[in-house]
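Participant: Sharing a structure here in C-alpha coordinates format.
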Amino acid sequence: MEITARQKDILCQIVEEYAETASPVGSVTMAKLFGVSPATIRAEMAKLESLGLIAQPHTSAGRVPTDAGYRFYVNRLESEKKPINDLELEKKTYERGAHVIEVRVSSQSQADAAIRRAVDSLVELTGNLGLATIGEQLYLSGISRLFTQPEFLDARRVQAVAKLLDNLEPWLRETAPGEPLNIFIGQENPIGKNSEVSLIISKFRSPFSDRSYIGVLGPTRQNYLKVMSLVRYTGKMLEEIL
(Lines give C-alpha, C1' and ligand atoms only; values in the text may rest on other atoms or scores of the structure.)
Protein backbone atom coordinates (compact mmCIF):
# COMPACT_ATOMS: atom_id res chain seq x y z
CA MET A 1 0.00 0.00 0.00
CA GLU A 2 1.65 3.21 -1.19
CA ILE A 3 0.63 6.18 0.88
CA THR A 4 2.43 9.48 1.41
CA ALA A 5 3.22 11.06 4.76
CA ARG A 6 0.59 13.75 4.18
CA GLN A 7 -2.04 11.17 3.27
CA LYS A 8 -1.24 9.29 6.47
CA ASP A 9 -1.68 12.49 8.47
CA ILE A 10 -4.95 13.33 6.71
CA LEU A 11 -6.29 9.83 7.35
CA CYS A 12 -5.40 10.01 11.04
CA GLN A 13 -7.00 13.44 11.32
CA ILE A 14 -10.19 12.15 9.69
CA VAL A 15 -10.30 9.30 12.22
CA GLU A 16 -9.90 11.71 15.12
CA GLU A 17 -12.35 14.33 13.79
CA TYR A 18 -14.99 11.68 13.10
CA ALA A 19 -14.52 10.20 16.59
CA GLU A 20 -15.17 13.64 18.04
CA THR A 21 -18.11 14.78 15.91
CA ALA A 22 -19.78 11.57 14.61
CA SER A 23 -20.24 13.48 11.33
CA PRO A 24 -18.48 12.82 8.00
CA VAL A 25 -15.37 14.98 7.67
CA GLY A 26 -15.30 17.43 4.76
CA SER A 27 -12.46 18.82 2.68
CA VAL A 28 -12.97 22.37 3.95
CA THR A 29 -12.35 21.27 7.54
CA MET A 30 -9.22 19.38 6.53
CA ALA A 31 -7.98 22.25 4.36
CA LYS A 32 -8.05 24.62 7.33
CA LEU A 33 -6.17 22.15 9.50
CA PHE A 34 -3.47 21.44 6.92
CA GLY A 35 -3.16 24.93 5.43
CA VAL A 36 -3.84 23.84 1.85
CA SER A 37 -6.75 24.28 -0.58
CA PRO A 38 -9.92 22.16 -0.38
CA ALA A 39 -9.12 20.93 -3.90
CA THR A 40 -5.78 19.56 -2.69
CA ILE A 41 -7.51 17.79 0.19
CA ARG A 42 -10.14 16.35 -2.14
CA ALA A 43 -7.39 14.89 -4.31
CA GLU A 44 -5.73 13.31 -1.28
CA MET A 45 -9.07 12.00 -0.06
CA ALA A 46 -9.70 10.44 -3.46
CA LYS A 47 -6.42 8.56 -3.12
CA LEU A 48 -7.29 7.37 0.39
CA GLU A 49 -10.71 6.28 -0.88
CA SER A 50 -9.13 4.32 -3.75
CA LEU A 51 -7.02 2.50 -1.15
CA GLY A 52 -10.14 1.58 0.80
CA LEU A 53 -9.14 3.60 3.88
CA ILE A 54 -12.04 6.08 3.85
CA ALA A 55 -15.51 6.09 2.30
CA GLN A 56 -18.12 8.65 1.27
CA PRO A 57 -21.43 7.63 2.86
CA HIS A 58 -23.53 10.06 0.81
CA THR A 59 -23.06 12.09 -2.35
CA SER A 60 -21.59 15.51 -1.55
CA ALA A 61 -20.90 14.38 2.03
CA GLY A 62 -17.58 14.23 3.78
CA ARG A 63 -15.59 11.08 4.38
CA VAL A 64 -15.59 8.53 7.18
CA PRO A 65 -12.93 5.92 8.00
CA THR A 66 -13.42 2.31 6.91
CA ASP A 67 -12.40 -0.68 9.02
CA ALA A 68 -9.13 -0.69 7.07
CA GLY A 69 -8.65 2.99 7.86
CA TYR A 70 -9.17 2.39 11.55
CA ARG A 71 -6.75 -0.55 11.42
CA PHE A 72 -4.11 1.64 9.75
CA TYR A 73 -4.63 4.27 12.45
CA VAL A 74 -4.42 1.78 15.32
CA ASN A 75 -1.29 0.16 13.87
CA ARG A 76 0.28 3.59 13.64
CA LEU A 77 -0.54 4.28 17.28
CA GLU A 78 0.99 0.95 18.28
CA SER A 79 4.14 1.43 16.21
CA GLU A 80 4.72 4.90 17.65
CA LYS A 81 4.05 3.83 21.24
CA LYS A 82 7.19 3.84 23.35
CA PRO A 83 7.91 0.67 25.33
CA ILE A 84 6.03 0.49 28.62
CA ASN A 85 8.42 -0.62 31.35
CA ASP A 86 6.23 0.14 34.33
CA LEU A 87 2.72 1.25 35.22
CA GLU A 88 3.67 4.85 35.86
CA LEU A 89 4.64 5.47 32.22
CA GLU A 90 1.28 4.19 31.01
CA LYS A 91 -0.56 6.05 33.73
CA LYS A 92 0.76 9.43 32.55
CA THR A 93 -1.05 9.17 29.20
CA TYR A 94 -4.45 9.63 30.82
CA GLU A 95 -3.56 10.56 34.38
CA ARG A 96 -7.04 11.34 35.65
CA GLY A 97 -8.70 8.24 34.26
CA ALA A 98 -5.92 5.96 35.42
CA HIS A 99 -6.05 7.48 38.91
CA VAL A 100 -9.83 7.00 39.12
CA ILE A 101 -9.51 3.32 38.22
CA GLU A 102 -6.63 2.74 40.62
CA VAL A 103 -8.41 4.32 43.59
CA ARG A 104 -11.64 2.42 43.00
CA VAL A 105 -9.98 -0.93 42.42
CA SER A 106 -7.46 -0.77 45.27
CA SER A 107 -10.28 -0.15 47.78
CA GLN A 108 -11.74 -3.62 47.08
CA SER A 109 -10.56 -6.56 49.18
CA GLN A 110 -12.07 -9.28 46.99
CA ALA A 111 -10.67 -10.05 43.53
CA ASP A 112 -14.07 -10.36 41.85
CA ALA A 113 -15.23 -7.05 43.31
CA ALA A 114 -12.01 -5.35 42.17
CA ILE A 115 -12.47 -6.58 38.61
CA ARG A 116 -16.10 -5.47 38.53
CA ARG A 117 -15.15 -2.05 39.84
CA ALA A 118 -12.47 -1.76 37.15
CA VAL A 119 -15.01 -2.62 34.44
CA ASP A 120 -17.54 -0.11 35.78
CA SER A 121 -14.81 2.56 35.77
CA LEU A 122 -13.94 1.83 32.13
CA VAL A 123 -17.61 2.22 31.22
CA GLU A 124 -17.75 5.61 32.90
CA LEU A 125 -14.49 6.84 31.34
CA THR A 126 -15.02 5.60 27.78
CA GLY A 127 -18.80 5.52 27.29
CA ASN A 128 -18.44 2.00 25.92
CA LEU A 129 -19.71 -1.33 27.18
CA GLY A 130 -17.25 -2.84 29.67
CA LEU A 131 -16.51 -6.52 30.10
CA ALA A 132 -14.29 -8.92 32.02
CA THR A 133 -13.94 -12.63 32.61
CA ILE A 134 -14.28 -13.66 36.24
CA GLY A 135 -13.68 -17.37 36.44
CA GLU A 136 -16.04 -18.99 33.94
CA GLN A 137 -18.36 -16.00 33.90
CA LEU A 138 -18.41 -12.94 31.67
CA TYR A 139 -19.22 -9.74 33.54
CA LEU A 140 -20.84 -7.02 31.40
CA SER A 141 -21.57 -3.44 32.37
CA GLY A 142 -22.82 -0.40 30.48
CA ILE A 143 -25.04 -1.94 27.82
CA SER A 144 -27.41 1.04 28.02
CA ARG A 145 -24.44 3.42 27.65
CA LEU A 146 -23.34 1.62 24.50
CA PHE A 147 -26.76 1.77 22.88
CA THR A 148 -27.10 5.52 23.42
CA GLN A 149 -24.31 6.02 20.86
CA PRO A 150 -25.68 7.37 17.53
CA GLU A 151 -24.46 4.31 15.64
CA PHE A 152 -26.99 2.08 17.39
CA LEU A 153 -30.17 3.79 16.25
CA ASP A 154 -30.16 1.03 13.61
CA ALA A 155 -31.92 -2.08 14.97
CA ARG A 156 -29.85 -4.31 12.67
CA ARG A 157 -26.67 -3.21 14.35
CA VAL A 158 -28.13 -3.69 17.82
CA GLN A 159 -29.03 -7.28 16.88
CA ALA A 160 -25.51 -7.87 15.57
CA VAL A 161 -24.02 -6.59 18.84
CA ALA A 162 -26.37 -8.84 20.82
CA LYS A 163 -25.17 -11.83 18.79
CA LEU A 164 -21.57 -10.92 19.49
CA LEU A 165 -22.21 -10.61 23.23
CA ASP A 166 -24.07 -13.92 23.34
CA ASN A 167 -21.02 -15.69 21.93
CA LEU A 168 -18.20 -13.65 23.43
CA GLU A 169 -17.48 -15.67 26.59
CA PRO A 170 -17.10 -19.07 24.87
CA TRP A 171 -15.06 -17.43 22.10
CA LEU A 172 -12.66 -15.88 24.62
CA ARG A 173 -12.32 -19.21 26.43
CA GLU A 174 -11.66 -21.18 23.24
CA THR A 175 -9.54 -18.69 21.31
CA ALA A 176 -7.70 -17.13 24.28
CA PRO A 177 -6.14 -14.13 22.48
CA GLY A 178 -2.51 -14.07 23.54
CA GLU A 179 -1.41 -10.44 23.23
CA PRO A 180 -1.39 -8.15 26.30
CA LEU A 181 -3.66 -5.80 24.30
CA ASN A 182 -5.95 -7.22 21.61
CA ILE A 183 -7.91 -5.02 19.19
CA PHE A 184 -10.59 -6.34 16.84
CA ILE A 185 -12.08 -3.72 14.51
CA GLY A 186 -15.39 -4.16 12.70
CA GLN A 187 -15.15 -7.11 10.31
CA GLU A 188 -12.12 -8.41 12.24
CA ASN A 189 -14.47 -9.55 15.00
CA PRO A 190 -14.92 -13.33 14.67
CA ILE A 191 -18.60 -13.04 15.63
CA GLY A 192 -21.03 -10.21 15.01
CA LYS A 193 -19.02 -9.10 11.98
CA ASN A 194 -21.76 -6.73 10.84
CA SER A 195 -22.10 -4.97 14.18
CA GLU A 196 -19.51 -2.32 13.24
CA VAL A 197 -17.96 -2.34 16.69
CA SER A 198 -14.43 -2.55 18.03
CA LEU A 199 -13.47 -4.94 20.83
CA ILE A 200 -10.43 -3.82 22.84
CA ILE A 201 -9.34 -6.27 25.53
CA SER A 202 -6.33 -6.76 27.76
CA LYS A 203 -5.12 -10.17 28.95
CA PHE A 204 -3.99 -10.34 32.58
CA ARG A 205 -3.25 -12.89 35.30
CA SER A 206 -5.78 -13.09 38.13
CA PRO A 207 -6.59 -15.52 40.96
CA PHE A 208 -9.18 -17.00 38.59
CA SER A 209 -6.98 -17.64 35.55
CA ASP A 210 -3.67 -16.85 33.86
CA ARG A 211 -5.82 -15.75 30.93
CA SER A 212 -8.32 -13.34 32.38
CA TYR A 213 -9.57 -10.54 30.16
CA ILE A 214 -10.85 -7.02 30.70
CA GLY A 215 -11.83 -4.47 28.11
CA VAL A 216 -14.50 -2.55 26.28
CA LEU A 217 -16.73 -2.91 23.27
CA GLY A 218 -17.84 0.20 21.42
CA PRO A 219 -18.50 1.62 17.97
CA THR A 220 -15.63 1.63 15.50
CA ARG A 221 -15.84 5.41 15.84
CA GLN A 222 -14.04 6.09 19.10
CA ASN A 223 -10.96 7.68 20.67
CA TYR A 224 -8.57 4.76 20.22
CA LEU A 225 -5.59 6.40 21.91
CA LYS A 226 -7.58 7.05 25.08
CA VAL A 227 -9.39 3.70 25.16
CA MET A 228 -6.34 1.60 24.30
CA SER A 229 -4.29 3.37 26.97
CA LEU A 230 -6.93 2.93 29.69
CA VAL A 231 -7.60 -0.73 28.87
CA ARG A 232 -3.89 -1.54 28.72
CA TYR A 233 -3.27 0.28 31.99
CA THR A 234 -6.21 -1.43 33.73
CA GLY A 235 -5.00 -4.91 32.77
CA LYS A 236 -1.49 -4.17 34.04
CA MET A 237 -2.79 -2.64 37.25
CA LEU A 238 -5.13 -5.55 38.02
CA GLU A 239 -2.32 -8.01 37.49
CA GLU A 240 -0.17 -6.17 40.03
CA ILE A 241 -2.92 -5.62 42.63
CA LEU A 242 -4.45 -9.10 42.43
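Participant: For A160, state whether it is under 20 Å from D67 (Cα atoms) and hydrophobic (A, V, I, L, M, F, W, C).
Facilitator: Judged against the criteria, A160 is a match.
Participant: Ok, one more. Of the residues that make up segment 95-107, is at least one part of a loop (DSSP other than H, G, I, E, B), out of contact with any Leu (no Cβ under 8 Å at 6 or more places or on another chain), at pLDDT below 95 and assigned by TED's automatic domain parsing to the domain that holds P150?
Facilitator: The answer is yes; a qualifying residue exists.
Participant: Scan segment 137-152 and give yes if some residue there is outside any loop (DSSP other than H, G, I, E, B), at pLDDT below 95, among the aliphatic types (A, V, I, L, M) and over 23 Å from Y233 (Cα atoms), otherwise no.
Facilitator: no
Per-residue answers, yes or no, for (1) in contact (Cβ under 8 Å) with a residue 24 or more places away in the chain; (2) closer than 24 Å to S79 by Cβ; (3) among the charged types (D, E, K, R):
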| position | (1), (2), (3) |
| --- | --- |
| E151 | yes, no, yes |
| A160 | yes, no, no |
| L168 | yes, no, no |
| L172 | yes, no, no |
| Q187 | yes, yes, no |
| R205 | yes, no, yes |
| D210 | no, no, yes |
| V231 | yes, yes, no |
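Participant: Follow-up question, since we're still on this one. Look through segment 183-202, keep the residues that are more than 14 Å from the chain's Cα centre (by Cα) and closer than 14 Å to W171 by Cα, and return whichever of them is surrounded by the most Cβ atoms within 10 Å (Cβ to Cβ).
Facilitator: Residue satisfying both the conditions and the ranking: G192.
Participant: Inside segment 131-172, can you point out the residues that are under 12 Å from E196 (Cβ atoms) and of a type in the set (F, W, Y)?
Facilitator: Scanning segment 131-172 gives a single hit, F152.
Participant: With (1) surrounded by 14 or more Cβ atoms within 10 Å (Cβ to Cβ); (2) of a type outside the set (S, T, Y); (3) at pLDDT 95 or above as the list, and G52 as the residue in question, which single condition is left unmet?
Facilitator: (1)
Participant: With respect to A22, determine if the residue is hydrophobic (A, V, I, L, M, F, W, C) and either assigned by TED's automatic domain parsing to the domain that holds I200 or without any contact (Cβ under 8 Å) to a residue 24 or more places away in the chain (or both).
Facilitator: Judged against the criteria, A22 is not a match.
Participant: Considering segment 169-180 alone, what residues qualify as being of a type in the set (D, E, K, R) and outside any helix (DSSP H, G or I)?
Facilitator: E179
Participant: Among (1) modelled with pLDDT of 90 or more; (2) out of contact with any Pro (no Cβ under 6 Å at 6 or more places or on another chain); (3) buried (at least 17 other Cβ atoms within 10 Å of the Cβ), there is one condition R157 misses while meeting the rest; what is its number?
Facilitator: With respect to (1) modelled with pLDDT of 90 or more; (2) out of contact with any Pro (no Cβ under 6 Å at 6 or more places or on another chain); (3) buried (at least 17 other Cβ atoms within 10 Å of the Cβ), R157 is out only on (1).
Participant: Is there a residue being among the small types (G, A, S), closer than 24 Å to Q187 by Cβ and touching a Ser or Thr at 6+ places or on another chain (Cβ under 8 Å) anywhere in segment 38-50?
Facilitator: So far as segment 38-50 goes, no, none of its residues is among the small types (G, A, S), closer than 24 Å to Q187 by Cβ and touching a Ser or Thr at 6+ places or on another chain (Cβ under 8 Å).
Participant: N128 - would you say it is of a type in the set (S, T, N, Q), without any contact (Cβ under 8 Å) to a residue 40 or more places away in the chain and either surrounded by fewer than 21 Cβ atoms within 10 Å (Cβ to Cβ) or touching a strand residue (DSSP E or B) at 6+ places or on another chain (Cβ under 9 Å) (or both)?
Facilitator: For N128, the condition - of a type in the set (S, T, N, Q), without any contact (Cβ under 8 Å) to a residue 40 or more places away in the chain and either surrounded by fewer than 21 Cβ atoms within 10 Å (Cβ to Cβ) or touching a strand residue (DSSP E or B) at 6+ places or on another chain (Cβ under 9 Å) (or both) - is not met.
Participant: Pick out the one residue from D166, D210 that is part of a loop (DSSP other than H, G, I, E, B) and at pLDDT 90 or above.
Facilitator: Of D166, D210, the one residue that is part of a loop (DSSP other than H, G, I, E, B) and at pLDDT 90 or above is D210.
Participant: Could you please let me know if K32 is exposed (fewer than 14 other Cβ atoms within 10 Å of the Cβ), at pLDDT below 95 and outside any helix (DSSP H, G or I)?
Facilitator: no
Participant: Oh, and also: What do you reckon, is R63 over 22 Å from Q149 (Cβ atoms), in contact with a helix residue (DSSP H, G or I) (Cβ under 6 Å, 6 or more places away or on another chain), surrounded by 13 or more Cβ atoms within 10 Å (Cβ to Cβ) and not assigned by TED's automatic domain parsing to the domain that holds K226?
Facilitator: no
The values are calculated or read from the model by the stated rules, or taken from the named source; none is laboratory data. Given the structure is predicted, the values throughout are model-derived calculations rather than measurements. FYI the Cβ positions are ideal-geometry reconstructions off the backbone, even for glycines, and counts take in every protein chain you see.
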